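Notes follow the structure.
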Amino acid sequence: MLESSCLCGTNRLTFDGDIIVRMRCHCIDCRKFSGSTNTNNILLPIAGLKILQGTLRTYAKEAETGNTMTSYFCGNCGSTLYRRSSFNDEVAAVMIGGIDGLQTIENGRADVELYVKNRPSWMAAIQEAQQEQGTWLPKH
Ligand SMILES: [Zn+2]
Ligand SMILES: [Zn+2]
């Protein structure tokens, strides 16, 4: 089980269930909402989500793929804890930085890198990860 919390600590969640895939995404939307070069996230079944504390706000935006991506974030400190896609409502992309405990992050190396066309030249590819020019969506 993974526990996730935001910067101010108002929101705390747990996710139960097996990791479906680990992703590093270089899309422009990930850049914007994270404020960094890319995101790292872990795809987990939404059925395993349990809210321990707080109420996350949501922000929905149509992605390049035409799917609607919804961010679940803290209305107080702004941390995005997970995102969901209209493409597959059974999963959540849990942002790796919100997960508490170093071990999950240590084990969080991406299995697939998305939108590598946007990856800055000074950032190395993850050699073991599948490289995708654009998106890649896990099937239902
Ligand atoms: Zn917060
Ligand atoms: Zn992205």
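Could you state the orientation-averaged shadow area of the convex hull built on the Cα atoms of segment 1-108, in nm² to one decimal?
It is 6.2 nm².
Using a 7 Å offset from Cα along Cα-Cβ at residue 19, what residues in segment 43-65 end up with backbone N under 19 Å from the label point?
43-50
Order of 64-70, 33-39 by packing, highest average Cβ count within 10 Å first?
33-39, 64-70
Quote to one decimal, in nm, the extra length available between residue 130 and residue 77 on full extension: 0.36 nm per residue of separation minus the C-alpha distance between them.
That pair, residue 130 and residue 77, stretches by 15.7 nm at full extension.
For a quick check: sort 1, 95 by the number of other beta carbons within 10 angstrom, fewest at the front. Walk me through the intermediate numbers first.
Details: 1 8, 95 24.
Placing the least packed residue first, the sequence is 1, 95.
Which of 121, 4 comes first, and how do the rest follow, when ranked by fewest Cβ neighbours within 10 Å?
121, 4
Determine the gain in length on full extension of the stretch residue 7-residue 123; use 0.36 nm per residue of separation and subtract their C-alpha separation, reporting nm with one decimal.
39.1 nm
Once you put a point 7 Å from the Cα of residue 105 and another 7 Å from the Cα of residue 90, both along the Cβ direction, what distance in nm separates them?
The modelled label-to-label distance comes out at 3.1 nm.
Kindly provide the helix-only [θ] at 222 nm of the chain, computed as the sum of -39,500 (n - 2.57) over DSSP H runs of four or more divided by all residues, to the nearest 500 deg cm²/dmol?
-2000 deg cm²/dmol
Laboratory data are not the source of any read-out in this text; all were calculated from the coordinates shown. Treat the numbers as computed from the prediction; the structure is a model and nothing was measured. Quick reminder, even Gly has a Cβ in these numbers, built from the backbone with ideal geometry, and neighbours come from all protein chains shown.
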